[in-house]
Ligand SMILES: *Cc1c(COP(=O)(O)O)cnc(C)c1O
């Protein structure tokens, strides 16, 4: 089966659901048993997540269907759904770290992940240090005797540096470390387990949902790592609400066509932006002259619609004029819905291993499913406002 066929069919069991194409939304807390034997069996095999769990917090046929689908799409073996992408990151880091351990985190990591490491894990005796996203096999020199986890996110948040994940993973494995990765941008276009990743985390909130109407996280592993992740889920009492799970399951069925169009539109918009005199650099690995393009081409089968734009120096009020007057690009965090977004960021983004060297302000664009001609016209007027106010 090829990828798109898998995505259309995986995790569906119409014969168990009255013939319905999609599994229904199971709203439940208590799950009832007829016999003591079944009851004790379900409770003794909590981690099995067979189609009969002991308690709906652990799962129902709705969540098992999505877990099976995500495992298959990412090339892992087991998946855990949790209430948000951030919760997925927290569960995964908790599962593989303990007091006295050290974790190496990519410097371009999603900012809340950095805060979690610096301000929360530190309270439990775990030390985090940061590494250059372009450091491939050279990461070996940073691995200490107590390093247990190497954490990747490729491409990086806001600035989209592509990491040499296979080289990093090989070096990490030689020293006995687990490789965790935030694969939210790569999604179905980066198969983490084929590139040496042990634990793949995604914000299902983004393209998996795809319609800006849910918050969800996924943690995917191979069988050998399931016990740690599943046990941590029990300790923390993680859960994903059935309606969000259902919407995400509905979302993934159209993922390949949506993502292809997001990429096509983003390329059209990015190529137009690249030629603008106001712009220093477009940070989008799918562009031929992006520094990460060769690695992206080697390891990814496509791109999504999210990229960065570095501007020449402009005052804040000029950037505000650009953003606030946009007709189709909304101002707001998160991304991966069908609609376009624009958010500002600056040189003051926290980095400790590398320096973010932007001459002026920067923008993060999410290119949605609108007609790219309309998006370009919207941006053209935006650049006019930027110049008028700059
Ligand atoms: C949005 C995002 C997250 C967090 O996901 P939530 O569902 O909002 O908690 C994690 N990593 C990346 C790269 C993201 O963009």
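Couple of notes before you dig in:
- The sole residue among 83, 136 that is surrounded by fewer than 21 Cβ atoms within 10 Å (Cβ to Cβ), farther than 21 Å from residue 334 by Cβ and touching a helix residue (DSSP H, G or I) at 6+ places or on another chain (Cβ under 9 Å) is 136.
- Residue count for the range 199-228 under the criterion of being more than 13 Å from the ligand (Cβ to nearest atom) and surrounded by fewer than 24 Cβ atoms within 10 Å (Cβ to Cβ): the result is 8.
- Positions within the range 167-184 being surrounded by 18 or more Cβ atoms within 10 Å (Cβ to Cβ), away from the ligand (no atom under 16 Å from the Cβ) and farther than 16 Å from residue 221 by Cβ, in sequence order: 167, 168, 171
- Of the helices (runs of 4 or more DSSP H) lying entirely inside the range 22-98, the ones with 1 or more residues being within 16 Å of the ligand (Cβ to nearest atom) are found at 61-74, 85-96.
- Test: residue 123 is surrounded by fewer than 18 Cβ atoms within 10 Å (Cβ to Cβ), within 16 Å of the ligand (Cβ to nearest atom), modelled with pLDDT of 95 or more and assigned to a helix (DSSP H, G or I): no
- A single entry from 130, 151 fulfils the requirement of being in contact with a strand residue (DSSP E or B) (Cβ under 9 Å, 6 or more places away or on another chain) and either in a loop (DSSP other than H, G, I, E, B) or surrounded by fewer than 24 Cβ atoms within 10 Å (Cβ to Cβ) (or both): 130.
The values are calculated or read from the model by the stated rules, or taken from the named source; none is laboratory data. The shown structure was predicted, so the numbers you read here are calculated from the model rather than taken from an experiment. In this analysis, Cβ positions are derived from the backbone assuming ideal geometry, glycine residues included, and neighbour counts consider all displayed protein chains.
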